[in-house]
1. Condition test on A:LEU282, is it under 30 Å from A:LEU187 (Cβ atoms) and surrounded by fewer than 24 Cβ atoms within 10 Å (Cβ to Cβ)?
2. Residues of segment B:1-29 being of a type in the set (A, V, I, L, M, F, W, C) and open to solvent by 60 Å² or more (accessible area, probe 1.4 Å), which ones?
3. Which pairs have Cβ atoms under 7 Å, sit 6 or more apart or on different chains, and link a residue in segment A:180-203 that is touching a residue at least 24 places away in the same chain (Cβ under 8 Å) and under 15 Å from A:LEU273 (Cβ atoms) to one that is crowded, with 18+ Cβ neighbours inside 10 Å and among the β-branched types (Val, Ile, Thr)?
4. If you go through segment A:355-388 one residue at a time, how many are over 23 Å from A:LEU292 (Cβ atoms) and open to solvent by 30 Å² or more (accessible area, probe 1.4 Å)?
5. Determine whether segment B:116-125 contains at least one residue that is modelled with pLDDT of 80 or more, touching a Phe, Trp or Tyr at 6+ places or on another chain (Cβ under 8 Å), open to solvent by less than 40 Å² (accessible area, probe 1.4 Å) and assigned to a helix (DSSP H, G or I).
6. I'd like to verify a number: residues in segment A:178-236 that are in contact with a strand residue (DSSP E or B) (Cβ under 9 Å, 6 or more places away or on another chain) and closer than 23 Å to A:LEU317 by Cβ, how many?
7. How about segment A:285-300: which of its residues are surrounded by 19 or more Cβ atoms within 10 Å (Cβ to Cβ) and closer than 19 Å to A:PHE351 by Cα?
8. Please specify each residue of segment B:103-115 satisfying the condition of being free of Cβ contacts under 8 Å to residues at least 60 places away in the same chain, within 10 Å of another protein chain (Cβ to nearest Cβ) and surrounded by 13 or more Cβ atoms within 10 Å (Cβ to Cβ).
Amino acid sequence: MSEHLPILMVLVPLLSAPLVVFIKHRKASRVIATLACALSACAAWTLALQMSSAVSYPLGGWRPAIGIELRVDFAGAYVAAIVSTIATFAISLGTRGTREDVVGREMFFYAAFLMCVAGLMGMVVTGDAFNVFVFLEISSLSTYTLVAMGKERRALTAALNYLFLGTLGGTFVLIGIGLMYQMTGTLNAAAVSARIREVEHLRTTHVAFAFLAVGLGIKLAVFPLHQWLPGAYSQAPHAVSSFLAGTATKVMYFQLIRVVVSFFGVAYVFDTLHFGDFLLPLSLVAMFAGSLSAIFQPSLRRLLAYSSIGQVGYLTLALSLGTEAGLNAGLLHLGAHAVTKTALFLIAAAFIAQVGDDRLDRLSGLGKRYPLLSLGFVLGGLSLIGVPGTVGFVSKWALLEAVLAGGRPWLAFLILASSMLAVVYVFRVVEVLYFRAPLANAPPLARERADWGSWVPAGLLVLVSVGLGVWSELPSEYVATAAQSLFGGAR
Amino acid sequence: MTLPNVWNYWAVVVLMMVGLYIVIAKPNYVKKLMGLSLFQVSVIMLYVSMGRVTGGTAPIYILDDGAPRPFVLYTNPVPHVLMLTAIVVGIATTAVGLALVVRIREAYGSSEEDVVAELDRREVEAANALAAQRAAESDASSATAAHAGASHEEHA
């Protein structure tokens, strides 16, 4: 049984999706979806905690490079565990308020959600380049439909814009994989990296990497390619934006790492192509532009979405260093930001369900009325800034260490400066919640009391982010092993 | 590498750029989706071209008197097989896109990007204006309330 874990964590959500549609029961569909995500999470955690080296799973018994190989290393198991856990949190509970945008369409909603989870998990576990494309499109197509299920009509245009950009990105990835296959004659990660040495001076190889990097860059929302993200995150149903904010860009980031490290090799990407010099300025612009835009957003979810663009800047900055310490910081920040941002989106969902509107000024003075939700938002916001005692600090500290080890203190200064911008946008929400008088003429609240279902998942995630900040050696040690095994002393 | 030998790669580039241009330049959502399909189809041609072997046949061992031929020069079938999946993906994308266009047409009464964007912009402006008005009214009423000696808590 345990040797089938890599395929199980993809198959369980994938096969539950049609089940949900066939059963056609609104309440049962949510239970099945939650169970499927939880099972997938159990599989991922079991694998992550018991594995001693990278696990290879030959699909259908065909040996790797002839057949399709699933390959889970420490980093893969870590990302898979995060994705499936966050999926479970995002859909398990929630109130009538947060779920009412999908009333009457539950079966299709949960089916699309499960497909999305299956696609993202598949991307993480596969060791085959073409499988990456297939799973990428499975997750993307289901994401478009999920975003379109948002309450307002603007969700439709957001979804269609995402479809245009996402398909361009996906097709770029497909072209990159094709050119890579043309040069190496194989789609298997290990075989590609063994053969790419012989062809790495050829221009087709350069172009293959460029297409893969730009295609994944669109899906990852690297700075100039981020236009789809704010619309999609702020218009999607709440469960979806909480889930996507924590996972979609993270999986793409992990995939970019895999392309750099496992397929093309660090030496080629950073020494021959100078990818780091290209990625670094974009990351810096993202850090500042994303956070600056977040400061001026009138709605809570758009603020969080723009903050995500800034946070993606830290992720790509960590990768652009091209060192093991950088990779370590990137993987840590991936997990830290996934937990924090999902918690914040869930809290935002709970607030919006209460006031019936996502404009920030509607939250005026609600800090006293909803003390737990507001406290959760403050703690999550502190983790977003990177205050000591939260998991955000652990990852930002690792990033600072990596930058200083590379001998670039001005980068460390820029990281701190952009964190100050995060202080501004987080404090903007805190100011509205705690220091403003309630609106005298506010329309009545949609609901009087917050259901426990709306704050329990968010509260647990906030506790996790604070707990991992206090016991910081738990994530640090695992991720250090992951970065080391992924990097393998490449440089 | 004369032009007649590699014309298919040129065709790939031309198709791809025509598709990309339509996606970027045309304001109509349906036309954009057609451009997107063209863009995706060009990749199919790229893959099929790279699998081609000059003088190669289908990858089937021809049986002479029941014995398999020892050597057959055949075209690489893997890219063709991969493209079956890419075709499915392309159809699914177009289907989802067209479904969204239908929904947009129902919701906005138009499938032109600029019209829809203008409607969206107005909606956002109206919401902003409403919020500003609400804030102003709130300030005014709390000012009068403060004047009358009432505390904010009573308003909550």
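1. Working: under 30 Å from A:LEU187 (Cβ atoms): yes; surrounded by fewer than 24 Cβ atoms within 10 Å (Cβ to Cβ): yes.
Yes, satisfied.
2. Of segment B:1-29, the ones of a type in the set (A, V, I, L, M, F, W, C) are B:1, B:3, B:6-7, B:10-18, B:20, B:22-25.
Within segment B:1-29, B:MET1, B:LEU3, B:TRP7, B:TRP10, B:VAL13, B:VAL14, B:MET17, B:VAL18, B:ILE24 meet the criteria.
3. Partner pairs satisfying both residue conditions: A:MET180/A:VAL192; A:MET183/A:THR205; A:ILE196/A:THR184; A:ILE196/A:THR205.
4. 9
5. First, pick out the residues of segment B:116-125 that are modelled with pLDDT of 80 or more: B:116-125.
The next check asks that each one be touching a Phe, Trp or Tyr at 6+ places or on another chain (Cβ under 8 Å); those that pass are B:116, B:119.
Okay, now just the ones that are also open to solvent by less than 40 Å² (accessible area, probe 1.4 Å), so B:116.
Checking which are assigned to a helix (DSSP H, G or I) leaves us with B:116.
Checking segment B:116-125: at least one residue is modelled with pLDDT of 80 or more, touching a Phe, Trp or Tyr at 6+ places or on another chain (Cβ under 8 Å), open to solvent by less than 40 Å² (accessible area, probe 1.4 Å) and assigned to a helix (DSSP H, G or I).
6. At the first step, the residues of segment A:178-236 found to be in contact with a strand residue (DSSP E or B) (Cβ under 9 Å, 6 or more places away or on another chain) are A:187-191, A:234.
So of that shortlist, the ones also closer than 23 Å to A:LEU317 by Cβ come out as none.
Residues that pass the stated criteria total 0.
7. A:ALA294, A:GLN297, A:SER299, A:LEU300
8. Step one: filter segment B:103-115 for residues free of Cβ contacts under 8 Å to residues at least 60 places away in the same chain, giving B:103, B:105-110, B:115.
Still in the list and also within 10 Å of another protein chain (Cβ to nearest Cβ): B:103, B:105-108.
Within segment B:103-115, B:ARG103, B:ARG105, B:ALA107, B:TYR108 meet the criteria.
The values are calculated or read from the model by the stated rules, or taken from the named source; none is laboratory data. This is a predicted model, so every value here is computed, not measured. In this analysis, Cβ positions are derived from the backbone assuming ideal geometry, glycine residues included, and neighbour counts consider all displayed protein chains. Ligands, DNA and RNA are stripped out before the accessible areas are found, and what is left, the full protein with its side chains, is counted by its heavy atoms. Shrake-Rupley method; radii C 1.70, N 1.55, O 1.52, S 1.80 Å.
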